[in-house]
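I have placed the structure first, in the form of structure tokens, so that the comments after it can refer back to it.
Where a number appears in this text, it was derived from the coordinates with a stated rule and is not lab data. Being a predicted model, the structure only gives us computed values, none of them experimental. For neighbour counting, all protein chains shown are included, and Cβ atoms are generated from backbone atoms with ideal geometry for every residue, glycine included.
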Amino acid sequence: MKGAVVFTLRPPEKGKFLFEPYVGLGGSKDSFRICEYIVVCDQAKDITDNAPLPDYKGSWGPGKEVVSKGLTPVTHPSPYVQCEDGKAEVEFKMEQDVKLTAKLFEETLNESHLQRFVAHEVIDDVVKFHVVAPKDGNHGLAIYAREDGEDTFLCNYITQSSSDQTQSGVPFPTVTDGLYGPVVPAFSELGLCSKSSRSAFIECDTGELDLRLGADRVLFYDHDLFWETLEEKVNLHGNVFKQILDGEVQFWLRLPKLGKYRLAIYAKEPGQQGDMTNVINYCINCTGTREGLGPFPVVNGKQWGRKLPTLTDLALTPVSHPTAYIQASGTLEIEFDSTERLDYTNHLKLWKMGQQQRDVGDFACHKILNDGKTMVLVAKFPEAGEYSLELYVRDADGKDQNVMNYLINCEQSADPCQPFPEVMGRRWGPIYPYYNQLSITLVSHTDPVIITDAGDVTIAFGTAAPLWFYPELTHHDDGKVTDLTANAIIQDDPENGQQIQAKLILANAGYYKFSLFAQVPGANGSHQRAISYLIHGTDADAAGDSGTEHTGFPQFMGCWGTGCRIMEPNTRTLPGGDSQRFKLRVPGAAGVAVILPNKKWCHLQQEEEDGTWEGDVVVPPGDYTGSEIKVVAKMKDGGDSYLPLLQYIVESVPFPERPGGWQQGYQLQEPLVRDLKAKETVTFRGRFPGAAEVAVMLPTSQWIQLKKGEDGTWEGAVTMPGNKYSGDAVTLNVLPDDEEGDYTEILRYTLQAGADGGDDDSQNLGNDVEEEEDMGQEEEYQTIIRENRKTFEDNMDPVKVIPKFEEEKFIDEEEAQEMTLQVPTNANEVNKALLNVVSREGEEAFVVLRDVLRETKQTVLHDIIKDVKIDVNQDNTPEVIKKKLAEATKARNRSRIEKAIADYKEHGLSQTEDVYKEATRTLRLLTAREDLKAAINSRQKDQLKEAMQGCSEFKDELKKELNEAKRVLDAVLHLETLRHKIMAMNQATVAELKTYNQPPPAVNQVMMATFLLLGNSKAQIKSMGMIEEVEQLTKPKESAIQQLTKTR
């Protein structure tokens, strides 16, 4: 009814009530009662549905004040607001821009404790108030207009909710003026717009939410995420994943708790001063979540994806993965392109619930392609989980700039998975700019990551100018690095003079790092790494396909270079006493020589115009095992100095005996071992200049003539006689090419028992115990071992037994190492030594051996001894204790002696008995020997003197060790004297040396020797100029004596 006023009465109970309405005139504070009513209530509403109204004497609902501000009620023109499920929305259409605020109150307008139970947003020309009922009943909703910092009251609504409708009284998170959504005018001024949700109030029932804002320019962003109740406020900043995409910015939220969240987003333009501006606020009501929604990993700048404008400034483009989130399984490759060469690095980390578990940077690397303008990042994941990957580029000032951050969810670990080999900058491929300066090109493998199932790889490089170079090859297995440079040979391509080839032998499956080091001939400094390859050998058996074991190539020295090639010998080790044919090509050489360990120079002859040099060289035998053989060259344009090319090592082999007829120039090719097996067929081959006939004489007195080939090589296959001749000699004989000559024995071999049995040759490895000839009253285990010794020697896996024997102290560390080294080539002899240990150590060692065979499933051998009974005497009688002490002393097993002595003392036995005296003396002897060996290895003067003094009781037993210690001590004292003399050198002499820019060779050699005495390494000496050498003259290293004595 137009112009009418409506009063609604809800009496609280049955009965009569007086209702008196008052009215006041506009502009007057006075009011007048206009009438009285008697209200008779026959039935009142239930108190739960009839809550009292707040104390407000004005008109409820929107009135003329609302209209005066250009507001039109859309959803609630009447004063009542029903809160379904404890919440409601009140909308007004706005004809003009008005700042509004609102609050909920329980009794009077002066209250403020329910202010956070109402919030609002503005979408286009509609303002929407969101109301949450704090509890059932009636509440007032007061709406105000804010002008010049003052609030003007507009209207009051009555919000009504019942107990069955009110679900939760969780207030809205705190926000300025209770206003969510874009913050004007900053939001639009920065070119932002809402994309994923127009409303700032969002419901989420999954625990994860993806919000997007449109952006017309590059901005910097930040954020806060608050979870808030009446009692608690938690900042979950780390639960937001933020990344900048093309024309938009993404905010991915993880909401671990139920309730209401406020997401505040801040932004500013690059270069803008001051703090970022709050541009938008979201209110998120999370009604459902799941376990495991922890924070995101932490990355540089707290931003994922592309880091702008750095990425665009560097003209860097993510090709394969332009966005930050990646689903992966096991392995991942990410490709980037750039217009210029860039220097990259990366950080890969494993996370769980926002906590870093470990840095797994060694499981990520990158390779350089396309002349340095393409980078492919390669990652392997050691376990399933969440990873962060940060990519950096080094700028011109040497600072690392973050350009991209990835979040990777790995569903399955790589199998197999081990760290990549360590390489400079985690980078594979050419090392710029040095690589280009050397004018090297990639021919066969432009991708520096090679995966192969073959046992070898050949990599070809183009060379436009002469170079010196050498290879480096290492094998990497779960952190263990093995130097296999001996498995790499690098030389010119015989089919193309403008290329060099690196052939790599892959002895095992796994990762290999191959690096090529190069230098311009004659340039100052040392070789530098030009390129690195990562090679993954996938076939563990591939290296053995050839049927022969690779023994290593020669070592390449600093001046090996373009055009050089080895024809022979191609193995790193050369048998001592053997004649070797050296043949190699060295272009531009005026002379090539082989320097033997005995300082003898053997000059090769140039036989062809292409720079090929060759000649026969006899490798010195005897004490030169392990010594170096060097090949050097004097270049036509390099003066009189000889430069190092190659290096070989003298090998210790059981070479056949030479009774005296061996002549210089003879060359034996096979067999190179002294022992020959009965009934085996053996090929004899060699070159014997001046021989008319060559024959093999067997123990049966049979002579077998060898045949001479067109190249002068004598060859023939000879079958050895049976086991009855084991131990007898097999000889190689030469009839000289003259009428008066007779057969001369030049080599003598020894025949050993073959596979069908025969006498045992019980050699010992690392101990002095021999098998007893008189078996006497053998115990059962001794008889079984003796009767089946051959079976154990031929079939037992010693690799499984050695560490257990070392653990039980039956053998020491030195014995264990010696046995382990001999396993690959001499497992039979190692097994003999292990059986000797059982004989030496007795029943305890036998029981350990039996347990190892069972645990390692060596069933055939275990079945032989599994039923042997060992009577362990548990009685600790004096006789038993003394017996144990005597056995331990006989075995010279330190740990057993110490244990037996302790047991002896514990039982209070007499320490005057001979068995105790002998045990304690043996223990002192073993201690003295160990101390003396440690002192010899340390090369420390005081330690040597003290250890030698401690051996005075055992001069006879330790005579050999004492002599060695005295030799080392004399060397230490002598070198100390030399060092003092060098330090006291006249300064005038030093000044004279400084004047030598190019010193005579003799002066240079003396200076190099001096710096060796002062403790400098050979590598350091090679890299120093003359002036630098003199500058360093008065700066000796503290380790000089130690280094020098180690080389003696």
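Some points to look at:
- Dipole of segment 780-865 computed with +1 at Lys/Arg Cβ and -1 at Asp/Glu Cβ about the Cα centre; of Leu849, Val860, Leu835, farthest Cα towards the positive end is Val860.
- Dimensions of the chain based on its C-alpha atoms, expressed as ranges along the principal axes with the largest first, amount to 162, 86, 64 Å.
- Under the combined filter of DSSP loop state and at most 13 neighbouring Cβ atoms within 10 Å, segment 136-207 retains these trypsin sites (Lys or Arg not before Pro): Arg198.
- Computed E for Arg198/Asp177 - FRET, C-beta separation, R0 25 angstrom, nearest 0.05: 0.80
- Full-extension gain in nm, Asp124 to Glu957, via 0.36 nm per residue minus C-alpha separation: 289.5 nm
- With neighbours defined as other Cβ atoms within 10 Å of a residue's Cβ, the residues Arg341, Arg217, Arg572 order from fewest to most as Arg217, Arg341, Arg572.
- Residues listed by number, segment 172-206, amide nitrogen under 12 Å from Asp85 label point at 7 Å toward C-beta: 203-205
- The Ile451 and Lys917 beta-carbon pair, evaluated with R₀ = 51 Å, returns a calculated FRET efficiency of approximately 0.15.
- Each principal axis of the Cα cloud of segment 654-745 was evaluated for its coordinate range; sorted largest first, these ranges are 37, 26, 22 Å.
- Partners for Lys373 among lysines (Cα-Cα distance below 21 Å; same-chain residues under 8 apart left out): Lys307, Lys399
- For segment 84-143, GluC sites (Glu not before Pro) are listed when DSSP marks them as loop and at most 13 other Cβ atoms sit within 10 Å of their Cβ; the list is Glu95, Glu107.
- Too-long pairs where the Cα-Cα distance tops 30 Å, listed order kept, from Lys57/Lys93; Lys800/Lys917; Lys45/Lys69; Lys679/Lys832; Lys128/Lys268: Lys800/Lys917; Lys45/Lys69
- Modelled label reach - Thr713, point 7 Å along Cα→Cβ, segment 557-591 residues with backbone N closer than 14 Å: 568-570, 581
- If you plug the beta carbon distance of Thr551 and Val860 into 1/(1 + (r/R0)^6) with R0 = 45 Å, you get a FRET efficiency near 0.90.
- On Cα atoms only, tilt of 843-855 relative to the major axis of the chain in degrees: 50
- Close amide H partners of Leu747, meaning residues 5 or more places away or on another chain with modelled amide H under 5 Å apart, are Leu732.
- For Ala902 and Lys981, the difference between the fully extended length at 0.36 nm per residue and the C-alpha to C-alpha distance is 23.1 nm.
- Across segment 303-416, Cα pairs under 8 Å and at least six residues apart give a relative contact order of 34 percent.
- Remark on Asp728: its backbone amide H falls under 5 Å from those of Leu751, a criterion applied only to residues 5 or more positions apart or on other chains, H modelled at 1.01 Å from N.
- 27 Å Cα-Cα threshold exceeded, pairs from Lys480/Lys945; Lys352/Lys380; Lys630/Lys933; Lys804/Lys899; Lys349/Lys513; Lys809/Lys869: Lys480/Lys945; Lys630/Lys933
- In segment 267-328, trypsin sites (Lys or Arg not before Pro) in a DSSP loop with at most 15 other beta-carbon atoms within 10 Å: Arg290
- Computed over segment 424-551, Cα set: Rg, Dmax in Å: 14.7, 44
- Length-normalised contact order of segment 780-865 in % [C-alpha pairs under 8 Å, at least 6 apart]: 40
- A simple rule links phi to the HN-Hα coupling: the Karplus curve 6.51 cos²θ - 1.76 cosθ + 1.60 with θ = phi - 60°, which for segment 506-516 gives 9, 6, 9, 6, x, 8, 10, 10, 10, 10, 9 Hz, with x for Gly and Pro.
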